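The values are calculated or read from the model by the stated rules, or taken from the named source; none is laboratory data. In this text the structure is predicted, and so the values were computed from the model without any measurement. Counting neighbours? That spans all protein chains shown, and the Cβs are built from the backbone with ideal geometry, glycine included. For the accessible areas, the whole protein counts, side chains as well, though only heavy atoms, and no ligand, DNA or RNA atoms are used. Shrake-Rupley method; radii C 1.70, N 1.55, O 1.52, S 1.80 Å.
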Amino acid sequence: MTFKRRNVIWLGGGIVAALGSPGLLLAKQVVTVEMRGTARGEKIWFDPIGLSVSPGTTVRFINKDPGNSHTATAYHPDLFGRERRIPALAQPWDSDFLLPGDSFDVTLDVPGVYDYYCIPHEMAAMVGRIVVGSPNDAKWSGAADEASDISAEVLAAFPKVETILNLGNVRVEGTQ
């Protein structure tokens, strides 16, 4: 009888400990960014182009464009010598080429602004911005000021951080 009671008490204590640690009970949040394109390929985009998430969120990039391969690549010197446009403490990512239907996941833990692009379609302004957390978070890193390796047209395609924070996500106009 004592042995069984001890097991019940131990099990009950484990449940209480788990309830006190919500991270153990909640599944990791996953949000999706789709890679899209028109049927003839004259327009390509990320949907949404701007996204606001909490630290620790996994972003899943899915190629939903039946006619093109795409990448989701962070602006970072370690990746093709690009200027850094993600928080200094964040890890850069490159999905490599995703064929239609393929996906790639990246978990974003560091608060700040992450800019990324599609390698073959950057000049067509296939870029996106993810805002992780808010400017009130410790170690927040705002949008990059430097833009010497990005054309003015491409730079203009990034949604403003304030707009993303206000709306939660931003879609390319005319693609809903």
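General remarks:
- The C-beta contact set for region 32-51 (first residue closer than 15 Å to Val170 by Cβ, second residue in a loop (DSSP other than H, G, I, E, B) and of a type in the set (Asp, Glu), distance under 7 angstrom, 6+ apart or interchain) comprises Arg36/Asp65.
- Exactly one residue out of Asp96, Asp109 is modelled with pLDDT of 95 or more, acidic (Asp, Glu) and farther than 24 Å from Lys43 by Cα, and it is Asp109.
- Selection within region 78-98: residues that are in contact with a His (Cβ under 9 Å, 6 or more places away or on another chain) and of a type in the set (A, V, I, L, M, F, W, C). The member of this set that is most open to solvent (accessible area, probe 1.4 Å) is Phe97.
- Here region 149-176 is the region considered, the condition is being polar (S, T, N, Q) and outside any helix (DSSP H, G or I), and the residue that is surrounded by the most Cβ atoms within 10 Å (Cβ to Cβ) is Asn169.
- Those residues of region 44-64 which are surrounded by fewer than 20 Cβ atoms within 10 Å (Cβ to Cβ) and touching a Pro at 6+ places or on another chain (Cβ under 6 Å), in sequence order: Pro55
- Any hit, region 117-132, residues being in a strand (DSSP E or B) and without any contact (Cβ under 8 Å) to a residue 60 or more places away in the chain: yes
- Single residue of region 126-148 satisfying the filter (hydrophobic (A, V, I, L, M, F, W, C) and surrounded by 22 or more Cβ atoms within 10 Å (Cβ to Cβ)) that is farthest from Ile164 (Cα to Cα): Met126
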